[in-house]
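The structure appears right after this line, and notes come after that.
Read-outs throughout are calculated quantities, based only on the coordinates presented, and are distinct from any laboratory measurement. Quantities reported herein were computed from a predicted structural model and do not represent experimental measurements. We place every Cβ from the backbone using ideal geometry, glycine too, and count neighbours over all the protein chains shown.
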Amino acid sequence: MSSPWWTGLDLRVLRHVRGVLRRRGLELTLVEKRPEETAAFAALSGDDVGGAGLAVIAPELSAPERGLVEIMLGEAAIDVAAALRDRAETTSTEPPGRRTSYHGIIGGAAIMQDLYVLLDRVSPSDSTVMIQGENGTGKELVARAIHVGSERRDRKFVVTNCSAFNDNLLDSELFGHKRGAFTGAVADKAGLFETADAGTFFLDEIGDMSPTLQVKVLRVLQEGTFNRVGDTDMRKVDVRILAATNRDLAAMVAAGQFREDLFYRINVINVNLPALRERRDDIPLLIEHFLARHRRQRPKRLTPDCAAVMEAYAWPGNVRELENEIERLVVLAGDEPMIGPDLLSPRIRQWVPADPAGAEATPDSLPAAVEALEKRMIGAAMRRHNGNKTRAADELKVSRRNLIRLVQKYELE
Ligand SMILES: Nc1ncnc2c1ncn2[C@@H]1O[C@H](COP(=O)(O)OP(=O)(O)OP(=O)(O)O)[C@@H](O)[C@H]1O
Ligand SMILES: [Mg+2]
């Protein structure tokens, strides 16, 4: 396992930066290293979802403060996302307004408001949280948000993906080992639970953990104790555990693959993340957010038809897929400030939405099925190209005359 990226960072420097920002009521969160970029702030706040970066933080800071932050973080050469948080708002007793971001989580949909309210309540507690959601819905992001919203925010946030190691390795990774415990154990080594002491431990893909390790994790949860591999000395830690999986743990319990006692112990609070297709209204907001991240040169924009295709697409890979698509578009657009639908990945550009009528009976003959498919594909292509028949015909690889005939036949004008 590679150590967390922030290990290379001088913690005193970090504390100092935090201090500077705190005095201004701002919260600094280290989110993600993007080595290809020089140090950059991506500031997130309710009023500035575009993440305008240092420019927005800047007016809030005095010139010397700004210089200090710039120099320190610039030298650290890391990418820092600073979550701007208006403390007055979060601590006030008035009901908070609609939030469009929450510690780096972007989204303003009603379902996200419920999520933020839940996170507000859950974060300050020390309770174990089970985070569930499809791939790319932001489970790790939510785990970080919980950490940042807790008293443990100044301590470590440690992540381990339980599916990335075999059993023995994971055991030693999590709990450490004594010298000579196994071949290659040349020295005593502390595990990640010790690293995370007083902080938060995010166990990703916990459903992939073996029954033996499940027992050890349960013991940490119940008693806060464990042994390094091959060691008889009992050790104690104070770690808050967050867990995630996209497997059906309840079904695994029923099948005898996951310990029931651990299941109930980690399932105290359940946070379910919505799929992106369940909050389509947030797609424009997310597009803006990810475009703003790539503002190394001039900021780019999507043409309305390009945005329309993205808003209609199903996004099976959720926010991660959207994020990657924007990165790809920005690269492919080169110096062009406007990004058109022609640059979209073929699977997105050619995606055919399910028939909105939906209720139509399944065609029972081949000609009827072919007609239904023709109608759907042509309808979708016409929408993608804003009714431009030459371009729709081009994409569908039929002659323009043929397309015009079919458009009339199916009344798709
Ligand atoms: N609501 C969101 N706002 C902004 N970025 C998001 C959001 N959700 C996810 N992302 C981004 O999408 C990517 C995937 O998020 P994350 O790793 O948290 O997902 P995950 O649920 O853990 O996925 P997986 O199950 O595949 O591990 C990250 O780059 C993350 O920053
Ligand atoms: Mg994940």
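Listed values, structure above:
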| item | result |
| --- | --- |
| Radius 15 Å from Cβ of A254, net charge of other residues (Lys, Arg +1; Asp, Glu -1) | -1 |
| Contact order normalised by residue count of region 110-173, Cα under 8 Å, 6+ apart, percent | 29 |
| Beta bridge orientation in region 95-272: antiparallel %, DSSP, nearest 5 | 30 |
| Percent of C-alpha pairs per 10 Å bin, region 366-409, short to long | 30, 59, 11 |
| Candidate lysines - alpha carbon under 20 Å from K236, same-chain residues fewer than 8 apart omitted | K156, K178, K189, K216 |
| Hits among lysines - C-alpha to C-alpha of K397 under 27 Å, sequence gap 8 or more where chains match | K375, K389, K409 |
| Normalised contact order of region 276-349, rounded percent, pairs of Cα under 8 Å and 6 or more residues apart | 39 |
| Relative contact order, percent, region 274-413 [alpha-carbon distance under 8 Å, six or more residues apart] | 20 |
| Point-charge dipole on Cβ atoms (K/R +1, D/E -1) for region 366-409, about Cα centre, debye to 20 | 160 |
